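Asker: After the structure tokens below, expect a handful of questions from me.
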Amino acid sequence: MADFLQFLFSGITVGATYALVGLGFAIIYNASHVINFAQGEFVMLGGMSAVFLMHLGLPLPAVIPLAVVATMAVGVALEKLAIEPARNASVVTLIIITIGASIFLRGSAEVIWGRSFHSMAPFTGSEPIDIGGAALLPQSLWVLGGTIVAVVALKWFFGRTRTGKAMQASAFNPYAARLVGIDQRFILMLSFALSGLFGAVAGILIAPISLTYSGVGVMLGLKGFCAAILGGMGNPFGAIMGGLLLGISEAMTAGYISSAYKDAVAFLIILLVLFFLPSGLFGKRRTERV
Amino acid sequence: MSFWNSSRSGGLVALALVIALLPLTFPNTYFFNVAILIGLNAIVCIGLNLLIGYAGQISLGHAGFFGLGAYVAAILSSNHGVPPLAALLLAALLVGVLAFAVARPIMRLKGHYLAMGTLGLGIIIAIVLNQEVGLTGGPDGMPVDSFSLLGWQPYGDRIWYWIVGVLLLATVWLALNLIDSPVGRALRALHGSEVAAAAAGINVVRFKVLVFVTSAILASLAGSIFAFYTGFITPGEANFFHSLELVAMVVLGGLASIYGALIGAAILTILPQLLTVFHDYEMMMLGLIMMLVMIFMRKGLVPTLANLLWRRGS
């Protein structure tokens, strides 16, 4: 039982990170139908800039907003400089552009911060809390708390604010949204800013648990993409469920079966789900109109 | 239409001439090495372009087939004494069967779900190659015995250059014939609209499966040749980044253009070699160039330039 709890805790912690990354995928997809393969680099940028700012001697409450804003700025720059000029290009072309952006961001991070691994001190102590014989790191609580706050805030934003509703409307039907005067270019920019925000938050929260380095975004980005697809692409809350599900299955596999194939679990699950439910667990079943 | 008049043969003859004359300009074997890598990448990309450019189905996992082709041929020939040519063909057969087995469910997926499915398949292959240390040597890679056929051993970059050159010509010929055949017309029809194609009596699933398997086999063959040529392989050949590179070559050169795939393969193989002069800035430059080309030449290099020339000519 203690083992099970232990695996569950680590699964939920990692899963929450996947969920935040998946959320970023879903938000950008909704606004533009672009899969942003640079999503993982937002996580890396958040974590790396936080470590860097800490080294400058800034206190944590200043580091977090600064790192988040910096990553959001990168997201907006990516949208303005690379995605918007190619607005009407085909999906594959846009995918290659975001892949180019991802390589560019990783390369830049290596130039600025080098290739070594960096660690970051936990927010509040490293003394594990004992729950039913399993050790829970205080940082895991931060990850979980941070994810919950982010999700609740997003739900409020989509449901209660004018801008959020405009985003929902654009995702649902871009032409109708434009007809009622919603500025699509603003929505697109906002989606990249938001997904930069969620990526950075994930990167900062997880940095004290797993080390951070210039290549950390690659696998995290792919697992986040898995989470988004598992939940049904374009369904932000499906992405959250998808992320948690993947994190927990991964931890259970690593614990009970084989840690060597831990990274394969997410992809195996996604293949099986896609084979039997071609539009994800919570995706809409679509009938094609001709 | 006679052989010499058709534009198809004209391109083939021009390509054959380029392949035949290119070595005259090579100052040393390093150039042969780069040319061979271009040829192998081009073979994979031509197959991939049939899938992406003509049939409109994306794959982010073809490096998996390339890596599997390399490893199966290497393991069979080096560890089990299977003659290299037979090992190469068996690898192609195995990859073909695997691709056929997964093609039906995978080709049912659309758009981003298809991207995810192929990506997942490629990554799982890469992880297996990394983890089955007893069989593959794990992340450190494995040495491969040199190729031999009835006692003849191709040795040195020059001979491999001619082998790859001939294979590349054969691949281009095959691809050009395929797209001019009813199969090619069916593929273009289902790229336009799957429903309309189905309504016109095209068995959409069968053609998608056919082109997926063909492209997987071409990737496997190129992978096997790569293993015999370099004599040492690592699971890196199968990883996600290599899959992305292959797709980038296809898109950069131009979708639905056989020669585009070739040009794209050449550019993205040469570029990293040139960028090494930038040392630490290499990766940054590669990403930047990829973004800029795609933003300013959305249809890829060959179609964009061909369009420009055509407009100037008329």
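Here, each number is a calculation from the coordinates, and none is a lab measurement. Keep in mind the model is a prediction, meaning the values are calculated, not measured. Note that each Cβ is placed from the backbone with ideal geometry, even for glycine, and that neighbours are counted across all protein chains shown.
Asker: For the range A:2-276, just say rounded, prolate or oblate: build the C-alpha gyration tensor, square-root its eigenvalues into a ≥ b ≥ c, call rounded for a/c under 1.5, and beyond that prolate if a/b exceeds b/c, oblate if not.
Answerer: It comes out prolate by the Cα gyration axes.
Asker: If you don't mind, there's one more thing I want to ask. If you wrap the protein assembly as shown's Cα atoms in a convex hull and average its projection over all directions, what's the area in nm²? Please list the in-between numbers first.
Answerer: Working: hull surface 122.2 nm².
In nm², the orientation-averaged hull projection of the protein assembly as shown is 30.5.
Asker: Moving on to the next point. 222 nm [θ] for chain B, helices only, -39500 (n - 2.57) per DSSP H run of 4+, per residue, to 500? Write out the running numbers ahead of the final one.
Answerer: On the way: 14 runs with 226 residues, N = 314.
Result for chain B: -24000 deg cm²/dmol, rounded to the nearest 500.
Asker: Quick one: if you take sqrt(5λ) for each eigenvalue of the C-alpha gyration tensor of the range B:175-314, what semi-axes come out, biggest first, whole angstrom? Please list the in-between numbers first.
Answerer: Values: eigenvalues 184, 106, 36 Å².
For the range B:175-314, the ellipsoid semi-axes come out as 30, 23, 13 Å.
Asker: A further question on this structure: In whole Hz, with x marking every Gly and Pro, tabulate ³J(HN,Hα) for the range B:203-209 from phi via Karplus 6.51 cos²θ - 1.76 cosθ + 1.60, θ = phi - 60°.
Answerer: Coupling constants for the range B:203-209: 7, 4, 4, 4, 5, 5, 4 Hz.
Asker: Here is a follow-up. From largest to smallest, what semi-axes in whole angstrom does the range B:1-81 give when each is the square root of 5 times an eigenvalue of its alpha carbon gyration tensor? Before the final figure, lay out each step's value.
Answerer: On the way: eigenvalues 160, 104, 34 Å².
Its equivalent ellipsoid spans semi-axes of 28, 23, 13 Å.
Asker: Give me the angle, in degrees from 0 to 90, between the Cα long axis of helix A:91-113 and the longest principal axis of the Cα atoms of chain A, rounded to the nearest 10.
Answerer: 40
Asker: I want to verify a result. In a Gaussian network model of chain A, Cα cutoff 10 Å, which of these has the top mean-square fluctuation: A:Ile129, A:Ile95, A:Ile248?
Answerer: In this elastic network of chain A, the residue with the biggest mean-square fluctuation among A:Ile129, A:Ile95, A:Ile248 is A:Ile129.
Asker: Give me the angle, in degrees from 0 to 90, between the Cα long axis of helix A:184-206 and the longest principal axis of the Cα atoms of chain A, rounded to the nearest 10.
Answerer: 10
Asker: Kindly identify the range A:5-118 as rounded, prolate or oblate by the Cα gyration tensor criterion: order the square roots of the eigenvalues as a ≥ b ≥ c, call it rounded if a/c is under 1.5, otherwise compare a/b with b/c, prolate if a/b is larger, else oblate. Walk me through the numbers before you get to the answer.
Answerer: Details: a/c = 1.99, a/b = 1.33, b/c = 1.50.
Note, shape of the range A:5-118 comes out oblate.
Asker: Give me the three principal axis extents of the range A:84-211 from the C-alpha atoms, as integers in angstrom, largest value leading.
Answerer: 57, 40, 21
Asker: How big is the shadow of the Cα convex hull of the range A:101-152, averaged over all directions, in nm²? It would help to have the intermediate numbers written out before the result.
Answerer: Details: hull surface 24.4 nm².
For the range A:101-152, averaging the hull's shadow over all directions gives 6.1 nm².
Asker: Just to be sure I understand: with springs between alpha-carbon atoms less than 10 Å apart, which residue in B:Gly47, B:Gly81, B:Gly253 has the highest mean-square fluctuation in the Gaussian network model of chain B?
Answerer: B:Gly81
Asker: Name the most mobile residue of B:Ile295, B:Ile36, B:Ile52, meaning the one with the largest mean-square fluctuation, in a Gaussian network model of chain B with Cα contacts below 10 Å.
Answerer: Result for chain B, Cα springs under 10 Å: B:Ile295 fluctuates most.
Asker: What is the calculated FRET efficiency for B:His279 to A:Ser116, with r their C-beta to C-beta distance and R₀ = 22 Å, to the nearest 0.05? Intermediate values should be presented prior to the final figure.
Answerer: Numbers: r = 17 Å, r/R0 = 0.77.
After rounding to 0.05, the efficiency reads 0.80.
Asker: Between B:Ser148 and B:Asp180, what is 0.36 nm times their sequence separation minus the Cα-Cα distance? Round to one decimal in nm. Each step should come with its number before you reach the end.
Answerer: Details: separation 32, 0.36 × 32 = 11.52 nm, distance 3.57 nm.
Result: 7.9 nm gained on full extension.
Asker: How long is the gain from A:Arg162 to A:Ile131 if the chain were fully straight, where each residue apart is worth 0.36 nm and the alpha carbon distance is subtracted? Don't skip to the end; give the middle numbers.
Answerer: Values: separation 31, 0.36 × 31 = 11.16 nm, distance 4.28 nm.
Once the chain is fully extended between A:Arg162 and A:Ile131, it gains 6.9 nm.
Asker: Amide H to amide H under 5 Å from B:Gly61: which residues, 5+ apart in sequence or cross-chain, H placed 1.01 Å off N in plane?
Answerer: Distant-sequence amide H within range of B:Gly61: zero hits.
Asker: How far is it, in nm, from the label point at B:Ile159 to the one at B:Leu135 when both lie 7 Å from their Cα along the line to the Cβ?
Answerer: 3.1
Asker: Can I ask one more? Structure shown: which of A:Lys155/A:Lys223; B:Lys110/B:Lys299; A:Lys80/B:Lys110; B:Lys208/B:Lys299; A:Lys80/A:Lys262 lie over 26 Å apart, alpha-carbon to alpha-carbon?
Answerer: Numbers: A:Lys155/A:Lys223 23 Å; B:Lys110/B:Lys299 21 Å; A:Lys80/B:Lys110 28 Å; B:Lys208/B:Lys299 23 Å; A:Lys80/A:Lys262 37 Å.
Checking Cα-Cα distances, A:Lys80/B:Lys110; A:Lys80/A:Lys262 exceed 26 Å.
Asker: So, one more: Let me make sure I get this right: for the range A:6-58, a, b and c are the square roots of the gyration tensor eigenvalues over alpha carbons, sorted descending. Under 1.5 in a/c it's rounded, otherwise prolate if a/b > b/c, else oblate. Which is it? Intermediate results must be reported in sequence, preceding the final value.
Answerer: Values: a/c = 3.42, a/b = 1.19, b/c = 2.87.
Because a/c hits 1.5 or more and a/b fails to exceed b/c, the range A:6-58 counts as oblate.
Asker: Hull surface divided by four, with the convex hull built on the Cα atoms of chain B: how many nm²? Don't skip to the answer; put the middle values down first.
Answerer: Details: hull surface 73.2 nm².
Averaged projected hull area, Cα only: 18.3 nm².
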